[in-house]
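The values are calculated or read from the model by the stated rules, or taken from the named source; none is laboratory data. Only a predicted model underlies this, so the values are computations on that prediction, with no experimental measurement involved. Methodologically, a virtual Cβ is constructed for each residue, glycine included, from the backbone with ideal geometry; neighbour enumeration extends over all protein chains shown. SASA here: full protein model, heavy atoms, side chains in, ligands and nucleic acids out. Shrake-Rupley method; radii C 1.70, N 1.55, O 1.52, S 1.80 Å.
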Amino acid sequence: HRSVKYIEANYKRVDLYTPDLARMSGMGETYYRSIFLSVFSVAPTKYIQNYRVEKSKELLVNSDAPIEDIATAVGFANASYFCKVFKSLTDMTPSEFAHKCGSLG
């Protein structure tokens, strides 16, 4: 799917929005969301969040960068929102994940 490839190539962009993906795909936003959900079983916004969190896990494990830097590196506007999304998807904070995986402390 073209828009998924676009998401995966551009996930670091803070301005990655569903209306733009729909337009790029030549569809109306509502129809795009519906098709995306039926194909991937998740809304486009949630797909982007999941992808960003997976990329952040790689950074948390393989670097000693601060949480703030990791948040912006994967496309979140700020560390607070990143931590909220990360915890909602993993049931732990980024710091807890990093400690569990042995990259911090």
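Of note:
- The stretch 11-22, subset loosely packed, with under 14 Cβ neighbours inside 10 Å and not hydrophobic (A, V, I, L, M, F, W, C), residue farthest from F82 (Cα to Cα): P19
- From the list S25, S80, S63, the lone residue that is of a type in the set (G, A, S), under 18 Å from H99 (Cα atoms) and in contact with a helix residue (DSSP H, G or I) (Cβ under 9 Å, 6 or more places away or on another chain) is S63.
- Complete set of residues in the stretch 23-32 that are open to solvent by less than 80 Å² (accessible area, probe 1.4 Å) and part of a helix (DSSP H, G or I): M24, E29, Y32
- The helices (runs of 4 or more DSSP H) found entirely in the stretch 33-105 that carry 3 or more residues being aliphatic (A, V, I, L, M) and either surrounded by 14 or more Cβ atoms within 10 Å (Cβ to Cβ) or without any contact (Cβ under 8 Å) to a residue 60 or more places away in the chain (or both) are 44-62, 67-73, 79-90.
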